[in-house]
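A.B. asks: This is the structure I want to talk about, given as structure tokens.
The values are calculated or read from the model by the stated rules, or taken from the named source; none is laboratory data. The model shown is predicted, which means the values in this text are computed figures rather than measured ones. Because the Cβ atoms are built from the backbone with ideal geometry, glycine has one as well, and the counts that use them run over all protein chains shown.
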Amino acid sequence: MLDIIKMLAETFHDQHKQLYMVGGTVRDDLLLRGQASDGDLATDARPDEIKRLVAPTHPTAVVLVGERFGTVRLHYDDSIIEITTFRSERYNPDSRKPEVCFGDSLEEDLARRDFTINALARDPLSDRIHDLFNGRRDLEDHILRAVGDEPDKRFGEDPLRLLRAVRFAAQLDFEIEAETRAAIVRQASTLQKISRERIRDEMNKLLLSPHPTKGLDLLVELGLMEWIIPEVLELKGVSQKATVGKSTKDIYAHVLRVVERSSARPVTRWGALLHDIAKPRTKSVEDNKIHFFGHEDVGAYMARDILKRLHFDREFIYHVSQVVKLHMRANAYTSDWTDGAVRRLMLDSGDVLPDLLDLSRADITSYRMDKVNRAAARVQELAERCQHLREEAERVPIKSPLDGNELMEMFGRGPGPWLRPLKDHLLGLVIDGELASDDKETATNIARQMMSEQS
């Protein structure tokens, strides 16, 4: 990619236009001491000029990402490079998005960026780094600091930067500088102005980062979680120990450990964050023992509501809510489960079975290694049984002895709601191993008995 960037820089230079590597491209390059991980470039050329200037370099595709933002995306086989016109932004405090104006200087462009570690630019031809705000020093010190002397102004320009600060801290394992941190606390409520889609995207990046627990803790400490998922705050201080009065970590601490231990996949991480979200609302005490009856069912409804608020798509919402709904069943597995019980779990979980099993592994947060090892062995056994039954089903498909057409012919009735209970009951018997999938005679007797009881 660096060869392509240098080629572009030479092309722009020949036409008396500036072109610099900027932001995350420079930051990550300095952190990793390797080639740039992506291709973010900035120029004084306007979008139409950019398209004209890059034409001789023969990109496979040229896409105007958004004319008002001045970004042109170039595709070169497997490489993607974005070139953005220098920006000089003015902000309407009542707007949910920044208003962007085109600028003419690199200095002005760097001054309107969020954090010093992102306010870096590199000249691809001379390799000179422009560092107006001591971003390299902050990189070396692992510090996240707002650009300029007025962090409140930086966050007032675009409140999403409040969340970006926490996300970068989680991704890079950096500490937020004191003045920047104080400004985040003061500005936390302005996160209300930001669209749910932008918040959702930042939360996804935070949860999939190398240090999601650090990010979640910061969201709570800095007062941001109240404006994202306030239900998480209810977890703090609620003990999940079986006996009242015994000291133990609260549900919030448990949830953070589960998130940290789970695989970095979207459904798994969101499922880990929300799997016990309903415990505070379902808590009861009987005979000096704490219970959370039905928290998985209530939690599935709450997860749907939370993810809808963040404008996730319908399929993702369904998958996460299924993980929340079924996590207690997976956790309850023991070796004496019948094959039918395992098949039912597989059937109910469908495509989210890998995420469900992953959550079950992560959900044991004991500090006793013998307990953790026993739990890991239990989940491994369940996974192996699922795989065995899946392979068996490929050889001999599990199906009802009587299909819908046969049932309608048998009873002389057309399609209708009467049919589904019959089909489900017969299939359930096959799944439980109580009826062979080719035993039409027994299936017929069962179906006739069910219909006679309903009449």
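A.B. asks: Sort through Val298, Val372 and tell me the only one that's of a type in the set (A, V, I, L, M, F, W, C) and at pLDDT below 95.
C.D. replies: On the way: Val298 fails: at pLDDT below 95.
Matching residue, one of Val298, Val372: Val372.
A.B. asks: Sticking with this structure for a sec: Among (1) modelled with pLDDT of 95 or more; (2) in a strand (DSSP E or B), which single condition is Leu233 missing?
C.D. replies: Every condition holds for Leu233 apart from (2).
A.B. asks: Can you confirm whether segment 52-60 contains a residue that is touching a helix residue (DSSP H, G or I) at 6+ places or on another chain (Cβ under 7 Å), surrounded by fewer than 23 Cβ atoms within 10 Å (Cβ to Cβ) and either modelled with pLDDT under 90 or within 13 Å of Pro124 (Cβ to Cβ) (or both)?
C.D. replies: no
A.B. asks: Hand me the list of helices (runs of 4 or more DSSP H) wholly inside segment 344-452 holding 1 or more residues that are surrounded by 19 or more Cβ atoms within 10 Å (Cβ to Cβ) and in contact (Cβ under 8 Å) with a residue 60 or more places away in the chain. First the steps, then the outcome.
C.D. replies: Working: elements: 353-362, 369-395, 404-411, 419-431.
Those helices (runs of 4 or more DSSP H) span 353-362, 419-431.
A.B. asks: For segment 250-297, give me each residue that is over 23 Å from Val352 (Cβ atoms), part of a loop (DSSP other than H, G, I, E, B) and either touching a residue at least 60 places away in the same chain (Cβ under 8 Å) or out of contact with any helix residue (DSSP H, G or I) (no Cβ under 9 Å at 6 or more places or on another chain) (or both). Let's see the steps before the verdict.
C.D. replies: Our first condition is that a residue be over 23 Å from Val352 (Cβ atoms); within segment 250-297, this holds for 250, 252-253, 280-281, 283-291, 293.
This time we only want the ones that are part of a loop (DSSP other than H, G, I, E, B), so: 283, 287-288, 293.
If the condition is that a residue be over 23 Å from Val352 (Cβ atoms), part of a loop (DSSP other than H, G, I, E, B) and either touching a residue at least 60 places away in the same chain (Cβ under 8 Å) or out of contact with any helix residue (DSSP H, G or I) (no Cβ under 9 Å at 6 or more places or on another chain) (or both), then Asp287, Asn288 are the ones that fit.
A.B. asks: Ok, one more. For segment 148-179, name all the residues that are of a type in the set (A, V, I, L, M), part of a helix (DSSP H, G or I) and under 16 Å from Leu224 (Cα atoms).
C.D. replies: Let us first name the residues in segment 148-179 that are of a type in the set (A, V, I, L, M), namely 160, 162-163, 165-166, 169-170, 172, 176, 178.
The next check asks that each one be part of a helix (DSSP H, G or I); those that pass are 160, 162-163, 165-166, 169-170, 172, 178.
Selection gives Leu160, Leu162, Leu163, Ala165, Val166, Ala169, Ala170.
A.B. asks: Okay, moving on. Mind listing whichever residues of segment 113-158 are charged (D, E, K, R), crowded, with 16+ Cβ neighbours inside 10 Å and under 30 Å from Met7 (Cα atoms)?
C.D. replies: Result: Arg113, Asp114, Arg122, Asp123, Asp131, Arg136.
A.B. asks: Moving on to the next point. Kindly indicate the residue of segment 176-186 that is surrounded by fewer than 17 Cβ atoms within 10 Å (Cβ to Cβ) and touching a helix residue (DSSP H, G or I) at 6+ places or on another chain (Cβ under 7 Å) and also farthest from Leu139 (Cα to Cα) among those meeting that condition.
C.D. replies: Applying the first criterion (surrounded by fewer than 17 Cβ atoms within 10 Å (Cβ to Cβ)) to segment 176-186 yields 178-179, 182, 185-186.
If we keep only those that are touching a helix residue (DSSP H, G or I) at 6+ places or on another chain (Cβ under 7 Å) too, we end up with 179, 186.
Details: Glu179: 17, Arg186: 25 Å.
Taking the candidates together, the pick is Arg186.
A.B. asks: While we're on this one: Find the residue count for segment 172-197, including only residues that are among the charged types (D, E, K, R) and touching a residue at least 60 places away in the same chain (Cβ under 8 Å). Spell out the reasoning first.
C.D. replies: Step one: of segment 172-197, the residues among the charged types (D, E, K, R) are 173, 175, 177, 179, 181, 186, 193, 196-197.
Next, only the ones that are touching a residue at least 60 places away in the same chain (Cβ under 8 Å) stay: 193, 196-197.
So the answer is 3.
A.B. asks: I'd like to verify a number: residues in segment 203-239 that are surrounded by 19 or more Cβ atoms within 10 Å (Cβ to Cβ) and either farther than 30 Å from Phe292 by Cβ or polar (S, T, N, Q) (or both), how many?
C.D. replies: Of the residues in segment 203-239, 1 are surrounded by 19 or more Cβ atoms within 10 Å (Cβ to Cβ) and either farther than 30 Å from Phe292 by Cβ or polar (S, T, N, Q) (or both).
A.B. asks: For Ser335, state whether it is outside the structural domain of Lys205 (by TED's automatic domain parsing) and within 20 Å of Thr213 (Cβ to Cβ).
C.D. replies: Numbers: outside the structural domain of Lys205 (by TED's automatic domain parsing): yes; within 20 Å of Thr213 (Cβ to Cβ): no.
Here the answer is no, as Ser335 does not meet what is asked.
A.B. asks: For Ser189, only one of the following conditions fails: (1) surrounded by 20 or more Cβ atoms within 10 Å (Cβ to Cβ); (2) over 21 Å from Asp313 (Cα atoms). What is its number?
C.D. replies: Checking Ser189 against (1) surrounded by 20 or more Cβ atoms within 10 Å (Cβ to Cβ); (2) over 21 Å from Asp313 (Cα atoms), the one that fails is (1).
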